[in-house]
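K.L.:
Structure in structure tokens, see below.
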Amino acid sequence: MSEELKLFCEDADEQLSFMENALIEMQENGVDDESIGALFRAMHTIKGTAGMFGFDSVVGFTHIAENLLSEVREGKIKLKEEMIDLFFKSKDHAQKLIDLAVEDKELDEDTKKTDDELQKILKSMMPDAKPTEPSEVIIQDEESGDEGGEEELWHISFRLKPHFFSSGMDILSIISFFSILGEVKHLLFVDSDIPDINSINPTEAYIGYEVLFSTDAPYAEIEEIFEFVIDDIELHIFKADDEDMLEALIESCDDKDGFRDRLVSSGFENVIALQKEPLKLEDKIEKTDEKQEESQKIESQKTEKTVSVKKKASPKSFSLRVDSSKIDQLINQISEMVIANAKVTRRADVLDDNELDESATILSDMLEEIRTGVMNIRMVQVGDSFNKFKRIVHDVAKKVDKEIDFEIIGGETELDKMVVEKISDPLMHMLRNSIDHGIEMPSEREALGKSPKGHVSLKTYPDAGTIVIEISDDGKGLPKEKILEKAIANGLINENNNLSDKDIYNLIFAAGLSTAESVSDISGRGVGMDVVKRNIESLRGTVEIDSKPGEGSLFTIRLPLTLAIIDGFLTQSGDTKYIIPLEMIQECIELDDHYRKEMDGNEFINLRDSMLPLLDVRTYFKEEKTQSKRENVVVVRYGDYKIGMMVDELFGEFQTVIKPLGEVFRNVPGISGGTILGSGEIALIFDIPKLMEHKIREIN
Amino acid sequence: MIIEKDELTIYEVESLYQELLGEFESDLVSIDMKNVNKIDMSIIQLFVSLQKSCKESSKKFELKNLNQEVLDILKKSACEFLTGGDHE
């Protein structure tokens, strides 16, 4: 796919997402001008950009939707609830048309049918639509054209400004767009300003076009063809029979006669007609004075047009679209700089050079700031992406005849864009499960004394260096007995198991385990929750389940804030250096004789009147014994749990570039990656959630 | 001169220009486009300049072995005259 096409797809996705969010907003809070404007802009922009690529089906459909939205925007039509549904369908259909156009595929029968039906409905809602049967509407449209307006002949003249080619726009796309709005009667390539081969600057533009164009579209719509290049061309649009404007145009050329002759020989009938009616001498004298005015008129019209287009295009905030691979590259380079700086810091230590040490510290601080800045570029508010779930919940609920009150909390929480994209499918699956299996039917809920409307929420918040996403419902809860039965039947566990409730609930993440009594097209095929868990784990995240019979279920997903560099805390156990993610650390304490005495051979200490389980890193990873006089405990928290990691040495904060460990070490329990220290040594990064899970299982 | 590139756009226009300057030294400026599948307006403009210059210097200009994609682009841009050899 070409770069331009990729950009088109991204832009169209964004516009359709704005449209969907606006529709959801209107569904929830009623119709408002801003949302109507967003709908119009989405259809208008997609129409314009699709035209550049010659995607006629997309242009045709969005043009009709745009027309209706234009009437709504101008207050000629009131946007009613059934129209919101229609625009939801139009949005989906536009997406389908775009997908087919981008893949260079013809419309299939179903899409054609939907296209016809939606176009008929959209047109029938226009204020001037006649109350006819749908089939009659089509016949009438075919006969009278889209708008039913009078065909008119326009003369369009444009010259590319010297910098045009560097704008990235292809004038051929603009020319292609003409055939969508009407018929190009004559097209003349104006090459008179092109210098000879020895004088030309090949990157500058010297050309232009004269177009005789027949269309029923109004002036404003013709002008819109040039919306994206308005600053890069000199444009004149006027009715072909406007002799004064035509004269003024010809007069503005250096080689008037040559230009006139070329227009005539190219068949521009308006110029031919002008020649047949030579002006009388006295008229010519008058016209000469007027010409000055006319060219000023053209100039001032042009300026006005430019200003008005600029006004329209002025966005609320400035944003820049950057290929994400460029940011990844930048992060990788910063990662390497962090490692190089660690080497400098170490060298300063070895040499006992205070000045070098100070410079390395300054560099380190600056690198941290750059790193944070670059990471922030990747961060997006989850709400923008999560809003689409409202639509999914709405559709699924409708399909299963349930009423759902869906709430998104903490949409302003920021998360790495890549993580947001990758978590989207698992969340969608879990939400569908909650609605399909979790929430009871309205009658059932009423019989249980619950509100007939089920409540599902998607809550996001930051916690100890992680982002937590909770999906909760007030449905019937997970069927513990059924899960157990099924797991035993599938041979996942044996009958004499001693599993806790949480362990039982976690069995739903095993492959092929579905307790759904009926398989629907929404969920219940037993292929999903295992994939959900795998997807979350691939993002170095975890998922937990809590459920209460009759009260509902809570799925808690924890995700790391970033995937590339973290603030770590460097420790040592035995001969190996280990990194603990800094944000998870609560405190460090020395394991002195007082604590040792209290432990009395157990792996617990009493920390300010609460029991803290300890994980001896040296024992867990089978490290050699060291002669270290001091032993330390690093208290870490993850979710609701705390444990103390027993380590030998504490070195302090360390900017940690996460490097994968490769195939052989990928599945070492308790280790999530590695990093390179300034000395060139490797330090291993603890997988705290996994270590905690191990410890809790051991205690249980 | 045979163009080896598959696409000729604004990204290639400067290097093509240098090649064409060299080609312009000879009496017959012949450009074989058999490998080219796409051109943009900056390239068309360059060819028009070359065609005009050839005419002024009484040199022969020809753009040959144009494939259908390129012919379509020339048609769409109203520059089919480039296929006819010398500039009118």
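K.L.:
Of the conditions (1) at the interface with chain B (Cβ under 10 Å from one of its Cβ atoms); (2) under 28 Å from A:T62 (Cα atoms); (3) not aromatic (F, W, Y), A:T215 clears all except one; give me its number.
P.N.:
(1)
K.L.:
Kindly evaluate B:S77 against the criterion of being within 9 Å of another protein chain (Cβ to nearest Cβ), surrounded by 15 or more Cβ atoms within 10 Å (Cβ to Cβ) and touching a helix residue (DSSP H, G or I) at 6+ places or on another chain (Cβ under 8 Å).
P.N.:
The answer is yes for B:S77.
K.L.:
So, one more: Quick one: which residue in A:V532, A:V527 is buried (at least 20 other Cβ atoms within 10 Å of the Cβ), modelled with pLDDT under 85, of a type in the set (V, I, T) and over 30 Å from A:F654 (Cβ atoms)?
P.N.:
A:V532
K.L.:
Give me the residue from the range A:175-186 that is aliphatic (A, V, I, L, M) and surrounded by fewer than 20 Cβ atoms within 10 Å (Cβ to Cβ) and, out of that set, farthest from the other protein chains (Cβ to nearest Cβ).
P.N.:
Among residues in the range A:175-186 that are aliphatic (A, V, I, L, M) and surrounded by fewer than 20 Cβ atoms within 10 Å (Cβ to Cβ), the one farthest from the other protein chains (Cβ to nearest Cβ) is A:I180.
K.L.:
(1) part of a helix (DSSP H, G or I); (2) at pLDDT 80 or above: which one isn't true of A:V271, the others all being true?
P.N.:
Failing condition for A:V271: (2).
K.L.:
Name the helices (runs of 4 or more DSSP H) wholly within the range A:48-146 that hold at least 1 residues that are at pLDDT below 80 and among the aliphatic types (A, V, I, L, M)?
P.N.:
In the range A:48-146, the matching helices (runs of 4 or more DSSP H) lie at A:134-144.
K.L.:
Additional query: Among (1) crowded, with 20+ Cβ neighbours inside 10 Å; (2) at the interface with another protein chain (Cβ under 10 Å from one of its Cβ atoms); (3) out of contact with any Leu (no Cβ under 9 Å at 6 or more places or on another chain), which single condition is A:G168 missing?
P.N.:
Unmet condition: (1).
K.L.:
Yes or no: the range A:67-76 includes at least one residue that is assigned by TED's automatic domain parsing to the domain that holds A:P127 and at positive phi.
P.N.:
yes
K.L.:
Now, a different point. Which of the residues that make up the range A:643-672 are buried (at least 19 other Cβ atoms within 10 Å of the Cβ) and either farther than 26 Å from A:L612 by Cα or assigned by TED's automatic domain parsing to the domain that holds A:I331 (or both)?
P.N.:
A:Q655, A:T656, A:V657, A:I658
K.L.:
Can you tell me which residues in the range B:56-66 are among the polar types (S, T, N, Q) and either surrounded by 19 or more Cβ atoms within 10 Å (Cβ to Cβ) or more than 13 Å from the chain's Cα centre (by Cα) (or both)?
P.N.:
B:S57, B:S58
K.L.:
On the given criteria, is B:E69 within 14 Å of chain A (Cβ to nearest Cβ) and without any contact (Cβ under 8 Å) to a residue 24 or more places away in the chain?
P.N.:
no
K.L.:
Looking only at residues in the range A:199-210 that are within 7 Å of chain B (Cβ to nearest Cβ) and either among the polar types (S, T, N, Q) or farther than 18 Å from B:Y11 by Cα (or both), which one is surrounded by the most Cβ atoms within 10 Å (Cβ to Cβ)?
P.N.:
A:I207
K.L.:
Now, a different point. Go through the residues of the range B:33-52 one by one and say whether even a single one is surrounded by fewer than 16 Cβ atoms within 10 Å (Cβ to Cβ), more than 7 Å from chain A (Cβ to nearest Cβ), under 22 Å from A:P195 (Cα atoms) and not β-branched (V, I, T).
P.N.:
no
Here is a yes/no grid of residues against (1) at pLDDT below 90; (2) touching a strand residue (DSSP E or B) at 6+ places or on another chain (Cβ under 9 Å):
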| position | (1), (2) |
| --- | --- |
| B:E12 | yes, no |
| B:D40 | no, yes |
| B:V48 | no, yes |
| B:K64 | no, yes |
| B:V70 | no, yes |
| B:I73 | no, yes |
| B:D86 | yes, yes |
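K.L.:
Kindly establish whether B:L63 is more than 10 Å from chain A (Cβ to nearest Cβ), touching a residue at least 12 places away in the same chain (Cβ under 8 Å), touching a helix residue (DSSP H, G or I) at 6+ places or on another chain (Cβ under 8 Å) and under 17 Å from A:I171 (Cα atoms).
P.N.:
When the stated conditions are applied, B:L63 does not pass them.
K.L.:
Regarding the range A:276-288, can at least one residue be identified that is crowded, with 16+ Cβ neighbours inside 10 Å and either at pLDDT below 80 or within 36 Å of the chain's Cα centre (by Cα) (or both)?
P.N.:
yes
K.L.:
If I ask for residues that are touching a residue at least 60 places away in the same chain (Cβ under 8 Å), hydrophobic (A, V, I, L, M, F, W, C) and part of a loop (DSSP other than H, G, I, E, B), which ones from the range A:176-231 would you list?
P.N.:
Within the range A:176-231, A:A217, A:I225, A:F226 qualify.
K.L.:
Looking only at the range A:239-251, count every residue that is within 26 Å of A:T215 (Cα to Cα), in contact (Cβ under 8 Å) with a residue 40 or more places away in the chain and surrounded by 15 or more Cβ atoms within 10 Å (Cβ to Cβ) and tell me the total.
P.N.:
Residues flagged as within 26 Å of A:T215 (Cα to Cα), in contact (Cβ under 8 Å) with a residue 40 or more places away in the chain and surrounded by 15 or more Cβ atoms within 10 Å (Cβ to Cβ) within the range A:239-251 amount to 8.
The values are calculated or read from the model by the stated rules, or taken from the named source; none is laboratory data. Quantities reported herein were computed from a predicted structural model and do not represent experimental measurements. Neighbour counts are summed over all protein chains in view; Cβ atoms, including those assigned to glycine, are modelled from backbone coordinates with ideal geometry.
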